[in-house]
Amino acid sequence: MPKTRKCPECKGIVKEGQTQLSYELEGINIIVKNIPANICEKCRQAFITGHVAEEVNRLVNRLSEDINSFAKTQPQIGKRQREVAIAI
Ligand SMILES: [Zn+2]
């Protein structure tokens, strides 16, 4: 049994789960889903380790150029739905 972690915000119980982060690059919303995180059961605060945050940042940086050129070739997406969701 892993020891119980408490949320520093509300003292709720923190359990392993997943969260999502959103970024905005060049006017396009990028949502990264399924990020491993510890989630407070009470206030839903997500705690992401530094290592995971670093990996996600790297992923988003690498994708930003590709997403830009994708948006240019898909003008209908560019106009209506400037949002890209990525599940990891
Ligand atoms: Zn909490």
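Mind listing which GluC sites (Glu not before Pro) in the stretch 1-59 are in a DSSP loop and have 15 or fewer other Cβ atoms within 10 Å? Here the GluC sites (Glu not before Pro) that fit, given the DSSP loop and packing criteria, are Glu9, Glu26, Glu41.
Quick one, what does Rg over Rh come out to for the chain if you take C-alpha atoms and the Kirkwood Rh? My calculation of the ratio gives 1.11.
Readers should treat all values here as calculations from the given coordinates under stated rules, not as data from a laboratory. Since the structure is predicted, the reported quantities are computational estimates derived from the model, not experimental observations. Note: ideal-geometry Cβ built from the backbone for every residue, glycine included; neighbour counts use all protein chains shown.
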